[in-house]
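The structure appears right after this line, and notes come after that.
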Amino acid sequence: MSRLSPVAVLLLFFISLVALSPAGAHEIRPAIVTAEFQQSGDYTIEFSGNLEALLAGIGSQHDDTDDSPLAQTYNQFRRLSSDALTARIKAFVPRFLDGVDIRFDDVRSRPRLESVQAPPVGDADLARTTTLILKGWTPPGAPLFTWRYDPAFGDSVLRVRRADDDKMAAFWLKNGERSPPVAVTGVPPPKMMDTALRYIGVGFAHILPLGLDHVLFVLGLFLLSTRLRPLVVQVTNFTIAHTITLGLSMAGVLSLPAELVEPLIALSIVFIALENWFTDKLTPWRPYIVFGFGLVHGLGFAGVLRELGLEQSDFLLSLVSFNVGVELGQLAVILAAYGLAGFWFGNKPWYRAVVVRPASALIALAGLFWFVERLI
């Protein structure tokens, strides 16, 4: 940031006077907003102002709260204890955040409330200044930060300190005016290996321990036969299929509502389990059925990944890594099932009657339960 101009120095001096001098109980002053940015890419915004006036709905249209028809409501808020006022403020926070327009390169960012610091009731002749701490993350690079305060809330004085500069820029903003843009430090771009490991972990976790429905489907594939060839045929078809729809969905080419996808996933579990009950070998149509169900499961994976979000700068790497994590999760399920049952008992004459059929029946019941639950 360039060296502060004399005007900025005077403005900062004036802000200090405003912030430090006691305010009359009925005087409406601008909010003091201090935005600080760290090298890590996170930012903290300290908001100090008369929150009772905001709660009462009194803005800059009045110089004195006594001039407002809501003065009585304001005075009631002023008598609240610190804890009671904090509770009121937290309930008001969604509306407050709607009125705080923080942008990076003209893209809005909604911070989260970190804390509320409401002082106890003090001198009735002085306004109570409450401090809100907001936190958030900047996008990568060196984005331009701007601040705008809802004109219904009043005026604001903005101070900005960048991560690479101890000096502050200061702006007096009236009537909802947007601040001039200030270049700040964004989140450091993630390393490729960090991105890959992150999404591999997310993909694995979506199978184990979070994806019980996908786990039961994979177990259904395993139960048909402990021999390698039938299992490889099924898993390969399933993998190819869910990779296709996952990629198409995340690229924005294909999309189906979760209200349709989730019941179909449950129905696929029921079908595979019932077929295990009635046949003991890989039927000619089963690979195609598994492929079709894989397309559906891929859309389910995409729904989860869409909520999480992909690194746009490494879209393909993130997508592939997530899919690798899913495959590792599926492989872990198969290896666990083989180690617990298939290796020891797969060649026993009673294996199908004692293990395959009861397990398939339980899987079918679970899938049927999910199917009905997801339709309701």
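The values are calculated or read from the model by the stated rules, or taken from the named source; none is laboratory data. Predicted, not measured: the structure shown is a model, and the values here were computed from it. When the accessible area is computed, the model is the full protein with side chains, heavy atoms only, and any ligands, DNA or RNA have been set aside. Shrake-Rupley method; radii C 1.70, N 1.55, O 1.52, S 1.80 Å.
Considering only protein heavy atoms, what is the solvent-accessible area of residue 198 at a probe of 1.4 Å, reported in Å² to the nearest 10?
110 Å²
Among 251, 152, 353, which one shows the biggest mean-square fluctuation in a GNM of the chain, springs joining Cα atoms closer than 10 Å?
Result: 353 has the largest fluctuation of those listed.
Mean Kyte-Doolittle of at least -0.5 plus a Cα span of 18 Å or more along the axis: flag which DSSP H helices in the chain meet both, please.
Once both thresholds are applied, what remains is 6-20, 82-98, 192-207, 212-224, 228-250, 258-278, 286-308, 315-337, 357-375.
If contacts are Cα pairs under 8 angstrom and at least 6 residues apart, what is the relative contact order of the chain in percent?
17 percent
Mind ranking 107, 296, 157, 372 by accessible surface for me, highest first, 1.4 Å probe?
My answer, sorted largest first, is 107, 372, 296, 157.
Would you compute, for the Cα atoms of the chain, the largest minus smallest coordinate along each principal axis and list the three values in descending order, in whole Å?
Principal axes ranked by extent give 89, 46, 35 Å for the Cα atoms.
Skip the ligands, DNA and RNA, and give the accessible area per residue of the chain with a 1.4 Å probe, whole Å².
It amounts to 51 Å² per residue over the chain.
So which lysines can residue 348 reach, going by Cα to Cα under 24 Å and dropping same-chain residues fewer than 8 places off?
Cross-link targets: 281.
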